[in-house]
Amino acid sequence: MRVGRICTAALIVSSTTTFGRIGETTLQFVARYGPPKDTPSSKIYDKNSPLVEGAIQHVYEYQGWKIRAEFLQLGGPAVRMDYSKLGTSPQIKDYELQAIIERAGGTDMDADGVR
């Protein structure tokens, strides 16, 4: 059951509507999450594992989450995002899963990840 929730959360987290921040510009991201935390290693990772081919990528950290956003042009809107948990407990908790689902426009899920 727990595995189903984690898999569902991973799918939701990688969707383009997660947290409803698609369409925001880099300036809006900075206002919301602070300046990007881009590092040489994150730039290599982004180049080798892009979410969208040819996109400009930035990494942000906010309230225990790493947020990778991609933009097709400078000053343009985010077209894709990826969320992952930071810290010693990367497992997504029930209340976090529910928040992700609600922000993505979904409804409550049962223990097996089925609506």
Two pseudo-spin positions, 7 Å from Cα along C-beta at LYS43 and at GLU24, lie apart in nanometres by 2.4
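What net charge do the residues around SER49 carry, taking every other residue with its C-beta under 14 Å from that of SER49, with Lys and Arg at +1 and Asp and Glu at -1?
Numbers: positive: LYS43, LYS47, LYS66, ARG68, ARG80; negative: ASP46, GLU53, GLU70, ASP82.
Net local charge, SER49 excluded: +1.
Taken together, the values in this text are just the output of simple stated rules run on the coordinates, not laboratory data. Not measured: the values here are computed from a predicted model. Cβ atoms come from the backbone with ideal geometry, glycine included; neighbour counts cover every protein chain shown.
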